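The values are calculated or read from the model by the stated rules, or taken from the named source; none is laboratory data. All values reported here derive from a predicted model rather than from experimental measurement. Cβ: placed from backbone, ideal geometry, glycine included. Neighbour counts: every protein chain shown. Areas reflect the complete protein model, heavy atoms only, side chains present, ligands, DNA and RNA absent. Shrake-Rupley method; radii C 1.70, N 1.55, O 1.52, S 1.80 Å.
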Amino acid sequence: MSRATHSLRGRGAIVGIGNTRRWNAPGRTPFDQLQEAAVLALEDCGLRMSQVDGLFCAMSTSGLPVLNVAERLGIKPRHADGTMVGGASFLFHLQSALMALELGLCEVALICYGSNQLTAGGKLASMPDPQPYESPFRPRYPLSSYALAAARHMHQYGTTREQLADVAVAARDWARLNPDAFARDPLSRAEVLASRMISDPLTKADSCLVTDGGAALVLTRAERARDMPRPAAYVLGTGVAVSHRQISAMPDLTTTCAVESGQRAYAMAGVSPKDIDHLMVYDAFTINTLLFLEDLGFCAKGEAGAMVSSGAISPGGQLPVNTNGGGLSCNHPGMYGLFTVIESVEQLRGSAGARQVEGVEISLAHANGGVLSSQATAILGTAATL
């Protein structure tokens with residue numbers, strides 16, 4: 001591992017995390033979930049809501065999230081960002097928060113999200129912007145878009161449905177070590193393959209959960225983080241990228257712009273894939289995990305299926321991936337990105353219980369938005385990595 005000289009490397013730190021763990025919470029609104037998560041994150045680091053002067057949030061149920069959230073939390077931030085690029089929004093916010101902290105635009109940054117997607121209807125919610133070249137064909141949005149990418153990957157690289165199924169099985173095996181995971185029953189490859197087909201080649205078991213939930217992060221500058229009650233997770237590198245909106249406009253169905261976001265994050269952090277001890281990727285569907293393993297450099301293009309089937313990402317494997325159970329088995333309240341970061345922080349703190357990976361010093365969290373449209377990568381490390 002080389003020590004990068006990027007001016008933002010290690011300058012900001014995640015000092016508080018909040019996770020409501022309320023995956024099925026009738027009567028709670030998205031703002032209820034968000035507020036609880038924000039309070040938990042601030043309690044985690046010993047700060048007060050009145051100290052928050054940087055607000056970063058996005059919600060699929062609110063057109064004016066910053067205004068609604070600031071009012072709900074009773075704060076008047078002097079810096080705010082409501083960037084909305086789907087489930088990757090919060091890692092975009094993470095990069096923005098680093099810059100705002102470094103420039104003195106805020107002292108305490110809060111990134112937060114809440115959803116009641118399960119109890120409000122129990123289905124994946126479509127964004128209110130139908131795509132003109134696709135909507136006439138009435139696709140199952142967003143599932144059909146991911147199915148198209150999966151089918152192309154299978155055609156181009158020989159990836160099999162069995163290999164896709166093994167992604168779901170690995171996630172479930174991790175979830176069974178997590179008492180907070182929504183789905184913890186045993187799951188076999190045969191059960192995934194026998195699951196109801198929704199959009200060929202993806203079955204229900206290839207698809208993420210639909211849950212409620214709330215999550216939040218609190219960030220400060222690194223020098224302040226040293227005085228916080230819990231071990232900080234220092235942001236070593238970040239990178240973001242945007243590729244397209246409609247899947248029909250994706251330049252290559254088998255290569256996402258995680259290639260770019262990952263390269264930017266690695267460059268800032270001064271590390272490479274071989275330095276990563278723990279990996280969290282946004283597994284909205286089983287194909288996502290394969291694509292991101294490849295695009296983030298953990299294997300060559302077309303080789304992720306075989307890598308997963310070898311047991312490499314399962315408990316006891318060489319590369320611990322989605323150790324909370326991921327969006328496939330832990331939770332998925334519509335926009336999952338913040339939860340990848342929370343699990344990375346838990347692993348860096350050594351507080352993940354039965355699923356704890358030994359010796360985690362550097363963790364990579366990656367989030368996806370839209371239909372493989374936006375990608376964001378964050379590389380986090382312990383104080384020893386600075």
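Every residue, every condition in (1) in contact with a strand residue (DSSP E or B) (Cβ under 7 Å, 6 or more places away or on another chain); (2) at pLDDT 95 or above; (3) open to solvent by less than 10 Å² (accessible area, probe 1.4 Å); (4) assigned to a loop (DSSP other than H, G, I, E, B), yes or no:
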{"residue": "Gly316", "(1), (2), (3), (4)": "no, yes, no, yes"}
{"residue": "Leu319", "(1), (2), (3), (4)": "yes, yes, no, yes"}
{"residue": "Met335", "(1), (2), (3), (4)": "yes, yes, yes, yes"}
{"residue": "Ser344", "(1), (2), (3), (4)": "yes, yes, yes, no"}
{"residue": "Gly359", "(1), (2), (3), (4)": "no, yes, no, yes"}
{"residue": "Leu364", "(1), (2), (3), (4)": "yes, yes, yes, no"}
{"residue": "Ala367", "(1), (2), (3), (4)": "yes, yes, yes, no"}
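Residues of the stretch 153-172 that are more than 17 Å from Ala194 (Cα to Cα), over 19 Å from the mean Cα position of the chain (by Cα) and touching a residue at least 40 places away in the same chain (Cβ under 8 Å): His153, Met154, Gln156, Tyr157, Gly158, Thr159.
Residue by residue, here is whether (1) under 19 Å from Phe339 (Cα atoms); (2) charged (D, E, K, R); (3) open to solvent by 60 Å² or more (accessible area, probe 1.4 Å) holds:
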position	(1), (2), (3)
Thr5	no, no, yes
Arg9	no, yes, no
Ile14	yes, no, no
Arg21	yes, yes, yes
Asn24	yes, no, yes
Gly27	no, no, yes
Pro30	yes, no, no
Gln33	yes, no, no
Ala37	yes, no, no
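Reported count of residues in the stretch 92-108, each being touching a residue at least 40 places away in the same chain (Cβ under 8 Å) and under 22 Å from Gly369 (Cα atoms), is 7. I'm trying to understand the selection: among the residues of the stretch 170-186, which are in a helix (DSSP H, G or I) and surrounded by fewer than 24 Cβ atoms within 10 Å (Cβ to Cβ)? Listed by number, the list holds a single entry, Asp173.
Look at (1) polar (S, T, N, Q); (2) open to solvent by 40 Å² or more (accessible area, probe 1.4 Å); (3) touching a helix residue (DSSP H, G or I) at 6+ places or on another chain (Cβ under 8 Å) and you find that Ser50 fails only one, number (3). Of the set (1) over 20 Å from the mean Cα position of the chain (by Cα); (2) within 19 Å of Thr289 (Cα to Cα); (3) open to solvent by 20 Å² or more (accessible area, probe 1.4 Å), all apply to Ser135 but (2). Contact map, the stretch 114-134: first residue at pLDDT 85 or above, second residue surrounded by 11 or more Cβ atoms within 10 Å (Cβ to Cβ) and of a type in the set (Lys, Arg), Cβ cut-off under 7 Å, separation 6 or more or different chains; pairs are Asn116/Arg28. Is there a residue being modelled with pLDDT of 95 or more, over 22 Å from Ile111 (Cβ atoms) and hydrophobic (A, V, I, L, M, F, W, C) anywhere in the stretch 214-226? Among the residues of the stretch 214-226, not one is modelled with pLDDT of 95 or more, over 22 Å from Ile111 (Cβ atoms) and hydrophobic (A, V, I, L, M, F, W, C), which makes the answer no. Any chance the stretch 357-380 includes a residue that's free of Cβ contacts under 8 Å to residues at least 40 places away in the same chain, under 20 Å from Gly18 (Cα atoms) and of a type outside the set (A, V, I, L, M, F, W, C)? No, that holds for no residue.
Could we say that Thr323 is among the β-branched types (Val, Ile, Thr) and part of a loop (DSSP other than H, G, I, E, B) here? Spell out how you get there, then give the answer.
Details: among the β-branched types (Val, Ile, Thr): yes; part of a loop (DSSP other than H, G, I, E, B): yes.
When the stated conditions are applied, Thr323 passes them.
On the given criteria, is Thr20 touching an Asp or Glu at 6+ places or on another chain (Cβ under 9 Å), modelled with pLDDT of 95 or more and within 26 Å of Ala183 (Cβ to Cβ)? Taking the combined requirement at face value, the residue satisfies it. If you go through the stretch 289-302 and keep only what is open to solvent by 40 Å² or more (accessible area, probe 1.4 Å) and free of Cβ contacts under 8 Å to residues at least 12 places away in the same chain, you end up with just Ala300. Across the stretch 303-313, the qualifying residues are those that are in a helix (DSSP H, G or I) and in contact with a helix residue (DSSP H, G or I) (Cβ under 6 Å, 6 or more places away or on another chain), and the one among them that is surrounded by the fewest Cβ atoms within 10 Å (Cβ to Cβ) is Ser309. Would a scan of the stretch 139-155 turn up a residue that is over 29 Å from Thr29 (Cβ atoms) and at pLDDT below 90? Checked the stretch 139-155: at least one residue is over 29 Å from Thr29 (Cβ atoms) and at pLDDT below 90. Note on the stretch 1-118: enclosed helices (runs of 4 or more DSSP H) holding 2 or more residues that are more than 28 Å from Ala269 (Cα to Cα) are 30-45, 65-73.
Looking only at residues in the stretch 230-240 that are of a type outside the set (Val, Ile, Thr) and surrounded by 21 or more Cβ atoms within 10 Å (Cβ to Cβ), which one is farthest from Ser344 (Cα to Cα)? Write out each step before concluding.
We begin by selecting, within the stretch 230-240, every residue of a type outside the set (Val, Ile, Thr); these are 230-234, 236-237, 239.
Cutting the leftovers down to surrounded by 21 or more Cβ atoms within 10 Å (Cβ to Cβ) gives us 232-234, 236-237, 239.
Numbers: Ala232: 11, Ala233: 9, Tyr234: 11, Leu236: 13, Gly237: 14, Gly239: 16 Å.
Going through the qualifying residues, I end up with Gly239.
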